[in-house]
Structure formats: structure tokens, C-alpha cells
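Engineer: I'd like to ask you about the structure that follows.
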Amino acid sequence: MRKFTTVHDIGDLKQALEKAQFVKQNPFADQDLGRNKTLLMIFFNSSLRTRLSTQKAALNLGMNVIVLDINQGAWKLETEKGVVMDGDKPEHILEAIPVMGAYCDVIGVRSFAQFQDKDYDYNETILNQFIQYSGKPVFSMEAATRHPLQSFADLITIEEYKKTARPKVVLAWAPHPRALPQAVPNSFAEWINATNYDFVITHPEGYEIDEQFVGKAKVEYDWRKAYEGADFIYAKNWAAYRHPNYGKIISTDRSWTVDSAKMALTNNAYFMHCLPVRRNMIVSDEVIDSPQSIVVPEAANRVVSAQTVLKEILKDNY
Ligand code: CP
């Protein structure tokens, strides 16, 4: 694996899940693989889980880790090509990327959608520049359109908790006071569509995600029907995708908040969320504090997904 940005980069999904289980059971089995290898983690946006879990994964593999917060202490980067650099950005990403590549063996990048230009976001302009110019293997730590390390961890978690071979998994929109990217729901849909699960996406009208991610999922605008018989509720907010509302909040309808009444419609479903989560906006205290909430083991599996991906990158490139 030279890059990891989508489900397609992981290869056979069943084998990937088996590899993840091996990593989970044997976290220190491959300490030699990363010896004298350096992971550079570059953050254009904030993080708690991705930062800590990916570092932990690299340390488990014997790697050294450098973390750079671009917005705290680095030169402001110009990311547009062909501009006259007479503003407040003294360094161009076209020099910065190969320089960063010279200091490491593997690069992780976090760069969210900016919601100013859908094409700029959906072309993954920043992530692709790292892939093109760094000269090193690159993996996404959440980019504009996808969050594959999160989705891989989500799938590992569902496989661990599912009670039937083909669970009903529901991606459920929930309200939020700020406009959030579509990366997590897009990516979750992409990964769940690679399984044989019964997959339903529910959201208010106007919150349709890009069709390339909807795939074979059933889109259900009535949350009651979506929740009925569900085995997993995966809650998430996202901003509108479709023109002319790209990146905008078009509803904060609290009747979509995941609460006990909704969970009562399910097949005693597990509650999942990628975190961070706004309590009593996305989910009620009662639900997230209940035994059906698996948000913490889900987050713990972020080490497993990151370590499985890093291991494959190291094996294939060094
Ligand atoms: N779920 C997730 O990626 O969390 P962070 O934004 O804290 O890394």
C-alpha cells in the first residue's frame, strides 16, 4: 500500500479485518518493522483521537513520530497554484511538501473541507498534493471527503459487536450548531457499502450526500422507519452537500436527536459516533451513557485501524 485514502486502498476487506484482529491481539509483534522509520503527522485541523491513536499505533510498530500543527508555529502555507504571493502566506505548499517528505518515511495528513468551493474540496486538492509531491507513502487522517481510519475502526467495531451475520446498520443524521464536513458520513457509507450489511441512511430532505457514496444504501427520510429493527445506530451531523446549499446548515431540527424513544424502536441497537459528540444535540445523555453506547471501544479501535494501515505501508514500501 502506497497510499490510504479510501476503502479501495485496503485491498480485500475480509483479509483487512483479519489483519486488524491480529494487530489487536498482538500489538507489539511488529516492533522491528518501524525501527528507524519516522512518521510525520501533519494537522491542518484539530484532533484528539486521530492524533493520539495514530501516534500510539506508530509507537507500537517501533516508529519515531513527529507531529506538526500547521496553524501553530509553522509558516502559513499558500495552497493555490499560480498566485502572486503578496499576502500573509510566506511559504508555498509546493516547496513545503517535498521538504516535509525529506524528513520522514511515512506522512499522515488531516485537511478538512473548507466549504468555499465544492470542487476544491471534492478534488481533495491538499491531500493529493501530498501524494503527488512528498515522495513518501501518504495516508489520510481525515480529508475533505473521507475519514478512512475512522471508518475502518467503525467496521472493526461492528464486526466485534454484531449479533447477526447481516446486521441492519443505520447512518442517522442528527442536529448540530455548526456546519460539519461530509467526510465521516461519506466514508462510513463507502465502507459499509463494501460489506453485505443491510444499510440505511436517514436524514432530513436536503441533506443527501454525494451519490457516489450512497451506493446501494436505502435512503429513508422518515427516521421512524429507519430506526425500526436497527442493530447499529451510527449518528452523525453533516452540512448540506447539494447546490446551492453546499456547506450550509439547513436544519437544526432537534426531533432528529438520538434519544431513548428512538432507540426503543430498534433491535436493542448499539449507539455509535466517531466523537467528538455534542450531548443533547446529537444524542441524549441517557443514550450515550447507556450500556448500548459503544463510542469508547469504537474510539479505542482507532489504534487498531491505524496500526493495521501503517503496518501494510511499512511492509510494502520498506
Ligand atoms: N473521530 C476523530 O477523528 O476524532 P478527532 O477529530 O478528535 O481526531
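The values are calculated or read from the model by the stated rules, or taken from the named source; none is laboratory data. On a predicted model such as this, the values are computed, not experimentally measured, just so you know. In this analysis, Cβ positions are derived from the backbone assuming ideal geometry, glycine residues included, and neighbour counts consider all displayed protein chains. Calculation scope for accessible area: heavy atoms of the full protein, side chains included, ligands and nucleic acids excluded. Shrake-Rupley method; radii C 1.70, N 1.55, O 1.52, S 1.80 Å.
Engineer: Residues to consider are ILE192, ILE126, ILE158, ILE209; find the one that is within 16 Å of the ligand (Cβ to nearest atom), open to solvent by less than 50 Å² (accessible area, probe 1.4 Å) and β-branched (Val, Ile, Thr).
Structural biologist: Working: ILE192 fails: within 16 Å of the ligand (Cβ to nearest atom); ILE126 fails: within 16 Å of the ligand (Cβ to nearest atom); ILE209 fails: within 16 Å of the ligand (Cβ to nearest atom).
Going through ILE192, ILE126, ILE158, ILE209 in turn, the sole match is ILE158.
Engineer: A follow-up question, please. Quick test of your reading of the structure: LEU48 fulfils all but one of (1) aliphatic (A, V, I, L, M); (2) under 19 Å from the mean Cα position of the chain (by Cα); (3) surrounded by 17 or more Cβ atoms within 10 Å (Cβ to Cβ). Name the failing condition by number.
Structural biologist: Going through (1) aliphatic (A, V, I, L, M); (2) under 19 Å from the mean Cα position of the chain (by Cα); (3) surrounded by 17 or more Cβ atoms within 10 Å (Cβ to Cβ) one by one, LEU48 breaks only (3).
Engineer: Moving on to the next point. If I go through segment 17-34 residue by residue, how many of them are of a type in the set (D, E, K, R) and either touching a Gly at 6+ places or on another chain (Cβ under 7 Å) or on the phi > 0 side of the Ramachandran plot (or both)?
Structural biologist: Keep residues of segment 17-34 that are of a type in the set (D, E, K, R), which gives 18-19, 24, 30, 32.
Keeping just the survivors that are either touching a Gly at 6+ places or on another chain (Cβ under 7 Å) or on the phi > 0 side of the Ramachandran plot (or both) gives 32.
So the count comes out to 1.
Engineer: Among the helices (runs of 4 or more DSSP H) confined wholly to segment 251-318, which include 2 or more residues that are assigned by TED's automatic domain parsing to the domain that holds ARG51 and either hydrophobic (A, V, I, L, M, F, W, C) or more than 14 Å from the ligand (Cβ to nearest atom) (or both)? If you could, list the steps in order and put the result at the bottom.
Structural biologist: Working: elements: 260-263, 285-288, 295-317.
By residue number, 295-317.
Engineer: Would you be able to tell me the number of residues in segment 161-189 that are within 12 Å of the ligand (Cβ to nearest atom) and either more than 23 Å from VAL287 (Cα to Cα) or assigned to a helix (DSSP H, G or I) (or both)?
Structural biologist: Here is the first cut: in segment 161-189, the residues within 12 Å of the ligand (Cβ to nearest atom) are 180-181, 183-184, 187-188.
Among the residues that remain, those that are also either more than 23 Å from VAL287 (Cα to Cα) or assigned to a helix (DSSP H, G or I) (or both) are: 181, 183-184, 187-188.
Matching residues across segment 161-189 total 5.
Engineer: Let me ask something else. It is to be established whether one or more residues within segment 47-56 are over 30 Å from ASP117 (Cβ atoms), away from the ligand (no atom under 16 Å from the Cβ), out of contact with any Lys or Arg (no Cβ under 7 Å at 6 or more places or on another chain) and in contact (Cβ under 8 Å) with a residue 24 or more places away in the chain.
Structural biologist: Initial filter on segment 47-56 (over 30 Å from ASP117 (Cβ atoms)): 52-53, 55-56.
Add one more test, that the residue is away from the ligand (no atom under 16 Å from the Cβ), and what stays is none.
No: zero hits.
Engineer: Can you name the number of the only condition in (1) hydroxyl-bearing (Ser, Thr, Tyr); (2) open to solvent by 40 Å² or more (accessible area, probe 1.4 Å); (3) away from the ligand (no atom under 15 Å from the Cβ) that THR79 fails?
Structural biologist: All conditions are met except number (2).
Engineer: GLN15: free of Cβ contacts under 8 Å to residues at least 40 places away in the same chain, part of a loop (DSSP other than H, G, I, E, B), farther than 20 Å from LEU127 by Cβ and not hydrophobic (A, V, I, L, M, F, W, C), yes or no? Before you say what the answer is, go through the steps one by one.
Structural biologist: Values: free of Cβ contacts under 8 Å to residues at least 40 places away in the same chain: yes; part of a loop (DSSP other than H, G, I, E, B): no; farther than 20 Å from LEU127 by Cβ: yes; not hydrophobic (A, V, I, L, M, F, W, C): yes.
So GLN15 fails the test.
Engineer: With a cut-off of at least 2 residues that are of a type in the set (Gly, Ala, Ser) and without any contact (Cβ under 8 Å) to a residue 60 or more places away in the chain, name the helices (runs of 4 or more DSSP H) lying wholly within segment 80-141.
Structural biologist: In segment 80-141, the matching helices (runs of 4 or more DSSP H) lie at 93-102.
Engineer: Do you know which residues across segment 7-46 are of a type in the set (Val, Ile, Thr) and either within 16 Å of the ligand (Cβ to nearest atom) or touching a His at 6+ places or on another chain (Cβ under 9 Å) (or both)?
Structural biologist: From segment 7-46, those of a type in the set (Val, Ile, Thr) are 7, 10, 23, 38, 42; that's our starting set.
Selection gives ILE42 alone.
Engineer: Something else now. Can you tell which of LYS37, LYS14 is of a type in the set (Lys, Arg), open to solvent by 50 Å² or more (accessible area, probe 1.4 Å) and over 15 Å from the mean Cα position of the chain (by Cα)? Full working, then the answer.
Structural biologist: Working: LYS37 fails: open to solvent by 50 Å² or more (accessible area, probe 1.4 Å).
Result: LYS14 is the single residue among LYS37, LYS14 that is of a type in the set (Lys, Arg), open to solvent by 50 Å² or more (accessible area, probe 1.4 Å) and over 15 Å from the mean Cα position of the chain (by Cα).
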